[in-house]
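Every number in this text was worked out from the coordinates using simple rules, so none of it is lab data. Keep in mind the model is a prediction, meaning the values are calculated, not measured. Virtual Cβ from ideal backbone geometry, glycine too; neighbours counted across all protein chains shown.
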Amino acid sequence: MTLKAKNALLFGLAFLVAALAPVGISSKFYLDVLTLIFFTAYIGQSWNILGGYAGQFSFGGVMFFGTGAYTSSILLITFGIPPIFGIFVAVLMGAFLGFLVGYLSFRSGLRGSYFALITLAFAELLRVLANSVEFTGGGVGLFLTYAPGLKNLQFVSPTGFYYFSLFLLVISLAIALWLERSRFGAQLVAIRENEEAAEALGIDTLKCKLYAIMIMGGMGGAAGTFYAQKYLYIDPPISYSIALSVEMLLVSIVGGLGTVFGPLIGSIVLHVVNEVARHFIDTPGLSLIVYGVILIFIISYLPNGLVGLFRKTRGKKEDGGA
Amino acid sequence: MTRSKDLFTGSRRKFIRGASATFALAAAGLSAPKIARAAGAVKIGLIHPATGWAAYPAAQLRYGAQMAIADINAAGGIKSMGGAALEAVLGDSQTKPEIGAAEVEKMNEAGVHAIQGCYQSAVGLAASAAAAKYNIPFSVDVGVSDKLVQRGLSNVFRMADGYGRIAADASVNLAEINKAAGSPAKTVAIVHEESEFGTGTAKLVTKALASHGLEVIETIKHANPTRNFDNIALRLKSAKPDIIMPINYPGEYILLAKTLRQQRVDFMASYSVLGGGFNFKFVDEMPQIAENMIDVNHWYDPRSTSGQEMRARTEADGKYFTFEVYCAYMSIMFLADGFERAGSTDKEAVNAALASSTLDIDFMPYGPTKMVDGQNMGSRAVAIQAQKGDVQIIAPSDYASASAVFPRS
Amino acid sequence: MLSTSLSLLPAGIINGLMFGAIYALVALGLTLIYGVLHIINFAHGAMLMLALYSAYFLFKILNIDPYVAILIVTPASFFFGYVIYRWGIGKLSGGKDQNILLITLGLSIILENAALFFFTGDQQTISLSYSYDSLDLGFLYLSYPKLISFIASLVICGFLWMLMSLTDLGKAIRAVAKQREGARLVGIDVEHVFAVTFGIGIACLGAAGCMLLPIFYVDPYTGNVFVIIAFTIVVLGGMGSIVGALLGGFIIGITESVGGLLLGESLGQIGISLIFILILIFRPTGIFGSKV
């Protein structure tokens, strides 16, 4: 069997297991944990597109999530538009925001930490605005009514949300896989490795980076709707605080920058470490100290991320183990 | 790095195997019930923000709840269930609604018979909704949003007040205090924090005050967190309100009080509603600033022996007797009484018993419990004032332990 | 309403100036670390928090006035910073930027939760005997702690400027910042210089913490509220520029204060983000930054 076919089989098997998990796992808590893991992996992947593949780190990724959450929620509350349609508008709004931020930032030639910081500034700007404007509910936030049903993207049991998040995860993996195989993806990698050289080679770096941030924005927007419909409450801190931005980059870097499965692996490992630490350590704070230590440990010994455990050098052909 | 290379030379399969084994072990460890102690115990889940900006109130809430559980067990446990002991199952919401909801799922699988929480209304909303799916009795120990009890959920209860009733109580108390002094105060300035707590309470108080002839001439909303209150103090100074009414969290509450003093702002009284920073610690550490400040809040009845004893015990344990302690204690008592009267842990029966509770809490200035749609109508918030290093209840008069010093000296 | 706000403008500007000096001190540490080592220190807020706690405990247990405690906390912070970089961050990151990011992130998690574990989450404040004494300016009472902090910030900035411009160490630091490899080639111990710079940056935080304690409060999470502002100032003033950090601190302090007066304390926060964005778009190197 060729390597490609072998990988496809593995992938298909993993997907089957994931799809059938709710049948085997009776614990709703574990389904919930898996849902959160998939969600983090999904949103981490959105960061990975711009940060890992294109090499443009951002600290403001949460703004797409928050904008998407507000978009679909406001459409629902004020205009009665069900989230099943609202989520697409959220995706568009996220992409549009990505375009705005990207255009302003990339056009000014911002790179590296400057770019990362300006995305942080935009997220902060949106947070302050959301706090002060009426239609976002201001500091009070928005409360959504509990009304399970597919058109509301609300589900009575965690199983529904599990499949929703699995669906999002698969889409994110597909996008990354497509990137790895496509010319566009190669262009992004070229930009990451050496932007001047890429420019010299004739790649329209501005356009590519814009597309990348728009993909990130669109993905983030959908994530926002997911969250809003699951937890039925959003406010400026939930929607625009830095915590989620950090989590996005955390799982991607720990898992493996610019890889398809990096964010997923990072998400799984970090969540498991967190859960296990909390499970065995009751004292507040102590478990997080352990988490911090493990995080430093992972990064120190696996500078290429966890995915580095699976391959010694990039591009080297795996022979399925010896 | 050479090290990882050596470890994993050509052994991808081995690694996957190893990792899966570790993963399975971890999962098995997680699924083993954490507390494998007394069988037949009545498990009460406690969900609080043990890590994060609200860690201190969470610690106080846990402390109060665990004290109550110990006391009830020492007195024989749930007698109608053969002396079954209460047992706490601790959960950390990490200040996030999604984690709070996840904790509910975890606790449900650990077989909890009731849940108590969550300090933050947003977390309480998510957690109680999750609990509603399984009909688990949910008692809000601290959480002021009225939305908690307006959703028609038959498993959610709250012994203490929500901001609706507190706002009303605050206005009634202020009117009473003002009248007793000859009604010198006519105007109020509200300084509130920007989230639902501050904004929601401010709105309700403004309305309630109007019906008592007190006008809110200035409403200042501030960010969370606010680093600097100088300008707000100056604004208040130029607005010259008779009463300044802070509605915010501890850090900002204290900063504002200090800044008002620094800028020599003149006013008849600082009359806060749900003042986060008004407690024994504040009065103890900053007596000059705290002197004669008034707050309307959950408070215990200082004339009750049980209240005095609880305070003594708490302080002997090196802790301050903050409202979280007795609100959590009261909530456990309420739940325990529900189990006692239901005679079992059957959720339907317990919820029914809780809904019909008439429990009278000796150490709180409350009437007997009367649950209407999950809200205890027997509850009340009282006006407390720092007087000479101690805290007295100054209104309503049937619970007052001292008369108000108003205007402040 | 607007008239009230306008009449308060002079006071607002002074207030902004006073607090801006403290912001500048926090940013000072960051601009050095960022300008020279090119690393974004996610643990900056946590380290400010540690400085605040140090000052707090020195006051509570040994009755040492925070402004005197500066003499203890600042060198201790330098030491702490040096060690953390030399045998922590520098070693573990293998030089990769994203790994340094995550290591400082891990460090901040550890520090915050260690503080939570040891000190509890309760806010702690102190009251000095002169906390409420002030200079009467007529339209504003300038409290002594704020005034002392303002002057101390200026002094420290001046001192640091002299260090960077006039001493051999300062020259070495500037050399390493400009040309890492070149500096190494002329015999400068780059790792040592990095660690010293990081140490100086944390020492600034030590001083900032002492000056902040009397006019603020401390809990395990207080450091974070200053960090975004610090970053804005660093970028505004120009990375690595001490004068820039001071000026930037004043500008941001005044912007925040005036913004709060004119737009309300909630929306007024927007001034900071706007300045941040505008500077990055139109002059990313900042006021005093040099073109890279």
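Of the residues that make up the range C:193-208, is at least one buried (at least 17 other Cβ atoms within 10 Å of the Cβ) and within 14 Å of another protein chain (Cβ to nearest Cβ)?
Just the residues of the range C:193-208 that are buried (at least 17 other Cβ atoms within 10 Å of the Cβ), to begin with: C:193-208.
Still in the running and within 14 Å of another protein chain (Cβ to nearest Cβ): C:208.
Looking for residues that are buried (at least 17 other Cβ atoms within 10 Å of the Cβ) and within 14 Å of another protein chain (Cβ to nearest Cβ), one finds at least one in the range C:193-208, hence yes.
Consider the range A:138-165. How many of its residues are in a loop (DSSP other than H, G, I, E, B), out of contact with any Asp or Glu (no Cβ under 6 Å at 6 or more places or on another chain) and either surrounded by 22 or more Cβ atoms within 10 Å (Cβ to Cβ) or among the basic types (Lys, Arg) (or both)?
Our first condition is that a residue be in a loop (DSSP other than H, G, I, E, B); within the range A:138-165, this holds for A:141, A:144-148, A:153, A:155-157.
Then keep just the ones that are out of contact with any Asp or Glu (no Cβ under 6 Å at 6 or more places or on another chain); that gives A:144-148, A:153, A:155-157.
Okay, now just the ones that are also either surrounded by 22 or more Cβ atoms within 10 Å (Cβ to Cβ) or among the basic types (Lys, Arg) (or both), so A:153.
Residues in the range A:138-165 being in a loop (DSSP other than H, G, I, E, B), out of contact with any Asp or Glu (no Cβ under 6 Å at 6 or more places or on another chain) and either surrounded by 22 or more Cβ atoms within 10 Å (Cβ to Cβ) or among the basic types (Lys, Arg) (or both): 1 in total.
Name, by its number, the condition in (1) closer than 25 Å to B:Asn178 by Cα; (2) more than 14 Å from every other protein chain (Cβ to nearest Cβ); (3) not acidic (Asp, Glu) that does not hold for B:Ser306. Checking B:Ser306 against (1) closer than 25 Å to B:Asn178 by Cα; (2) more than 14 Å from every other protein chain (Cβ to nearest Cβ); (3) not acidic (Asp, Glu), the one that fails is (1). When the range C:121-140 is examined, which residues are found to be touching a Phe, Trp or Tyr at 6+ places or on another chain (Cβ under 6 Å) and not charged (D, E, K, R)? Result: C:Gly121, C:Gln123, C:Gln124, C:Thr125, C:Ile126, C:Tyr130, C:Ser134. Filtering the range B:88-126 to residues that are under 15 Å from B:Gly338 (Cα atoms) and of a type outside the set (A, V, I, L, M) leaves B:His113, B:Gln116. Total residues in the range C:110-126 satisfying the condition of being touching a residue at least 12 places away in the same chain (Cβ under 8 Å), within 11 Å of chain B (Cβ to nearest Cβ) and not in a strand (DSSP E or B): the figure is 10. Of the helices (runs of 4 or more DSSP H) entirely within the range A:166-285, those holding at least 2 residues that are touching a strand residue (DSSP E or B) at 6+ places or on another chain (Cβ under 8 Å) occupy A:205-231.
Residues in the range B:185-214 that are within 14 Å of chain A (Cβ to nearest Cβ) and either of a type in the set (Phe, Trp, Tyr) or surrounded by fewer than 18 Cβ atoms within 10 Å (Cβ to Cβ) (or both): B:Phe197, B:Lys203.
For the range B:283-329, the tally of residues that are hydrophobic (A, V, I, L, M, F, W, C), assigned to a loop (DSSP other than H, G, I, E, B) and in contact with a strand residue (DSSP E or B) (Cβ under 6 Å, 6 or more places away or on another chain) stands at 2.
When restricted to residues that are out of contact with any Phe, Trp or Tyr (no Cβ under 9 Å at 6 or more places or on another chain) and without any contact (Cβ under 8 Å) to a residue 40 or more places away in the chain, the range B:238-266 contains 3.
Picking from residues in the range C:53-76 that are more than 20 Å from the chain's Cα centre (by Cα) and at negative phi, the one that is nearest to the other protein chains (Cβ to nearest Cβ) is C:Lys60. Being within 14 Å of chain A (Cβ to nearest Cβ), within 27 Å of C:Thr120 (Cβ to Cβ) and without any contact (Cβ under 8 Å) to a residue 12 or more places away in the chain holds for only one residue in C:Gly106, C:Gly45, and it is C:Gly106.
From B:Ala402, B:Ala349, B:Ala386, which residue is surrounded by fewer than 23 Cβ atoms within 10 Å (Cβ to Cβ), at negative phi and out of contact with any strand residue (DSSP E or B) (no Cβ under 6 Å at 6 or more places or on another chain)?
Values: B:Ala402 fails: out of contact with any strand residue (DSSP E or B) (no Cβ under 6 Å at 6 or more places or on another chain); B:Ala386 fails: surrounded by fewer than 23 Cβ atoms within 10 Å (Cβ to Cβ).
Sole residue among the options that is surrounded by fewer than 23 Cβ atoms within 10 Å (Cβ to Cβ), at negative phi and out of contact with any strand residue (DSSP E or B) (no Cβ under 6 Å at 6 or more places or on another chain): B:Ala349.
Here the condition is being touching a helix residue (DSSP H, G or I) at 6+ places or on another chain (Cβ under 9 Å) and without any contact (Cβ under 8 Å) to a residue 24 or more places away in the chain; of B:Ala349, B:Ala336, B:Ala312, it holds for B:Ala349 alone.
Checking each residue in the range C:173-189 for being closer than 22 Å to C:Leu205 by Cβ and not β-branched (Val, Ile, Thr) picks out C:Arg174, C:Ala177. Which members of the range A:53-78 meet the condition of being of a type outside the set (A, V, I, L, M), outside any helix (DSSP H, G or I) and over 14 Å from the mean Cα position of the chain (by Cα)? Once the filter is applied, which keeps residues that are of a type outside the set (A, V, I, L, M), outside any helix (DSSP H, G or I) and over 14 Å from the mean Cα position of the chain (by Cα), the range A:53-78 yields A:Gly55, A:Gln56. In this structure, is C:Ser153 hydroxyl-bearing (Ser, Thr, Tyr) and either at positive phi or more than 9 Å from chain B (Cβ to nearest Cβ) (or both)? Spelling it out, C:Ser153 is indeed hydroxyl-bearing (Ser, Thr, Tyr) and either at positive phi or more than 9 Å from chain B (Cβ to nearest Cβ) (or both). Evaluate the range C:77-97: report whether one residue or more is part of a helix (DSSP H, G or I), within 14 Å of chain B (Cβ to nearest Cβ), more than 19 Å from the chain's Cα centre (by Cα) and under 18 Å from A:Leu250 (Cα atoms). Yes, the conditions are met somewhere in the range C:77-97.
The numbered conditions (1) buried (at least 24 other Cβ atoms within 10 Å of the Cβ); (2) within 14 Å of chain C (Cβ to nearest Cβ); (3) out of contact with any strand residue (DSSP E or B) (no Cβ under 7 Å at 6 or more places or on another chain); (4) part of a loop (DSSP other than H, G, I, E, B) are all true for B:Phe278 except (3). Of all residues being among the charged types (D, E, K, R) and part of a helix (DSSP H, G or I) in the range B:160-170, which is surrounded by the most Cβ atoms within 10 Å (Cβ to Cβ)? Just the residue, please. Filtering first and then ranking leaves B:Asp169. Looking only at the range B:171-184, residues that are surrounded by 22 or more Cβ atoms within 10 Å (Cβ to Cβ) and among the aliphatic types (A, V, I, L, M) come to 2 in all. Listed conditions (1) surrounded by fewer than 16 Cβ atoms within 10 Å (Cβ to Cβ); (2) more than 30 Å from B:His222 (Cβ to Cβ); (3) touching a residue at least 60 places away in the same chain (Cβ under 8 Å) are all met by A:Phe135, apart from (2).
Scanning the range A:255-262 turns up one or more residues that are under 14 Å from A:Gly44 (Cβ atoms), touching a residue at least 12 places away in the same chain (Cβ under 8 Å), surrounded by fewer than 24 Cβ atoms within 10 Å (Cβ to Cβ) and within 14 Å of chain B (Cβ to nearest Cβ). State whether one or more residues within the range B:242-250 are more than 25 Å from C:Ser127 (Cβ to Cβ) and either within 9 Å of another protein chain (Cβ to nearest Cβ) or among the acidic types (Asp, Glu) (or both). Yes, the range B:242-250 has at least one match. For the range C:121-139, a residue qualifies if it is closer than 19 Å to B:Lys281 by Cα, crowded, with 18+ Cβ neighbours inside 10 Å and among the hydroxyl-bearing types (Ser, Thr, Tyr), and the qualifying residues are C:Thr125, C:Ser131. The C-beta contact set for the range B:173-199 (first residue in contact (Cβ under 8 Å) with a residue 24 or more places away in the chain, second residue assigned to a strand (DSSP E or B) and of a type in the set (S, T, N, Q), distance under 7 angstrom, 6+ apart or interchain) comprises B:Ile190/B:Thr219.
Taking the stated definitions as given, is B:Tyr253 assigned to a strand (DSSP E or B), more than 16 Å from the chain's Cα centre (by Cα) and of a type outside the set (D, E, K, R)? Criteria not met by B:Tyr253.
Given the criteria in a helix (DSSP H, G or I), crowded, with 18+ Cβ neighbours inside 10 Å and under 18 Å from the mean Cα position of the chain (by Cα), does A:Val128 qualify?
Details: in a helix (DSSP H, G or I): yes; crowded, with 18+ Cβ neighbours inside 10 Å: yes; under 18 Å from the mean Cα position of the chain (by Cα): no.
In short, no.
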